[in-house]
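Trainee: My questions will all concern the structure given below.
Every number here is computed from the coordinates shown, using simple stated rules; none is lab data. Note that the coordinates shown come from a computational prediction; the quantities given were computed from them, not determined experimentally. Counting neighbours? That spans all protein chains shown, and the Cβs are built from the backbone with ideal geometry, glycine included.
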Amino acid sequence: MTKQTKATEFLTASGVPFSVHDYEYAPGGGLIGMQAAQSIGADPACVLKTLVVEVDRKTPACLVVPADHKVNFKKVAALFGGRNARMMSPEKSAELTGFRSGGTSPFGQEHQLPVILSADAMACPHVYVNAGDRGLVVRIAPADAQKVVAARVADISAAPAPAEPIKN
């Protein structure tokens, strides 16, 4: 039987198709989204990490971005009419969402935060998003992920660094 979490219960109640997948979670390993992509054999551009931020130290938001992308925090702040955005502390994030660090999901949060879904994710036929616990993701169509949490789709990625330095 598949492990049930607040996120999977939320998705079941929403009536959208999804499947649950385990991956090997390595605590302290960093780059959890990249760990998940490698473990399940998925394209990192279609494995999404969930980040909780604060805009101008007062407005919380949930960002869902490809594991291989960085976030442009100025773009995020601008979406909320703010000047600065920064990562929220793991303790405060857990208090608001009900999920511990490494297991944060945009689905089934204790206090549903506004969700910004990276526009880059919409190009994937399916995305993998944290299912509410470490080592667990759901596979879902990006349009369904957007719909069930009323996510705003926006370009929040930082410009990617060049693969190799430019030489003259």
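Trainee: By the 4.7 Å beta carbon criterion, which cysteine residues of the chain come out unpaired?
Mentor: C62
Trainee: Could you calculate the contour length gain from S19 to A150, that is, 0.36 nm times the residue separation minus the distance between their Cα atoms, to one decimal place in nm? Present the calculation step by step, with values, prior to reporting the outcome.
Mentor: On the way: separation 131, 0.36 × 131 = 47.16 nm, distance 2.02 nm.
This chain segment gains 45.1 nm when fully extended.
Trainee: Using unit Cβ charges (K, R positive; D, E negative) and no other charged atoms, how large, in debye to the nearest 20, is the dipole of the chain about its Cα centre? It would help to have the intermediate numbers written out before the result.
Mentor: Working: 17 positive and 15 negative charges, 97 e Å.
The dipole of the chain has a size of about 460 debye.
Trainee: Another question, then. I'd like the GluC sites (Glu not before Pro) in region 71-128 restricted to DSSP loop residues with at most 16 other Cβ atoms within 10 Å, sorted by number. Provide the component values of the computation, followed by the final result.
Mentor: Values: sites: E91, E95, E110; in loops: E110.
Loop-located and lightly packed - E110.
Trainee: So, R0 is 25 Å and r is the distance between the beta-carbons of E9 and M34; what FRET efficiency does that work out to, to 0.05? Don't jump to the answer; show the numbers that get you there.
Mentor: Values: r = 27 Å, r/R0 = 1.09.
The computed FRET efficiency comes out at 0.35.
Trainee: May I ask which of K3/K92; K74/K147; K6/K147; K49/K75 have a Cα-Cα span longer than 19 Å here?
Mentor: Numbers: K3/K92 25 Å; K74/K147 25 Å; K6/K147 17 Å; K49/K75 17 Å.
Those over the limit are K3/K92; K74/K147.
Trainee: Using θ = phi - 60° and the Karplus relation 6.51 cos²θ - 1.76 cosθ + 1.60, list the HN-Hα couplings for region 136-143 in order, rounded to whole Hz, with x at every Gly or Pro.
Mentor: 9, 10, 10, 9, 8, 5, x, 5
Trainee: Each residue of region 124-133 in turn: what ³J(HN,Hα) in whole Hz from Karplus with 6.51, -1.76, 1.60 and θ = phi - 60°, glycine and Pro shown as x?
Mentor: 7, x, 9, 10, 10, 10, 3, 9, x, 7
Trainee: For region 95-145 and region 37-91, what is the centre-to-centre distance using only Cα atoms, to the nearest Å?
Mentor: Between the Cα centres of region 95-145 and region 37-91 lies a distance of 11 Å.
Trainee: Which length gain, in nm to one decimal place, applies between A141 and A119 when the Cα-Cα distance is subtracted from 0.36 nm times their residue separation? Could you put the intermediate results ahead of the total?
Mentor: Values: separation 22, 0.36 × 22 = 7.92 nm, distance 1.34 nm.
Gain in length upon complete extension: 6.6 nm.
Trainee: What three numbers, in Å, describe the spread of the alpha carbons of the chain along their principal axes, ordered from the longest?
Mentor: 57, 37, 31
Trainee: Moving to a separate point now. Determine, for T8, T50, the number of other Cβ atoms within 10 Å of each Cβ, and report the residues in order from fewest to most.
Mentor: On the way: T8 21, T50 25.
Ascending number of Cβ neighbours within 10 Å: T8, T50.
Trainee: Another one. Hey, fewest Cβ within 10 Å first, where do C46, C124, C62 land in order? Intermediate values should be presented prior to the final figure.
Mentor: Numbers: C46 21, C124 17, C62 25.
So the ranking, lowest neighbour count to highest, is C124, C46, C62.
Trainee: How far apart, in nanometres, would the label points at K70 and N84 be if each is projected 7 angstrom from Cα along the Cα-to-Cβ direction?
Mentor: With each label placed 7 Å out from Cα toward Cβ, I get 1.8 nm.
Trainee: Ok, one more. Just subtract the alpha-carbon distance of H111 and K92 from 0.36 nm times their residue separation and send over the number in nm, one decimal. Don't skip to the end; give the middle numbers.
Mentor: Working: separation 19, 0.36 × 19 = 6.84 nm, distance 1.19 nm.
Once the chain is fully extended between H111 and K92, it gains 5.7 nm.
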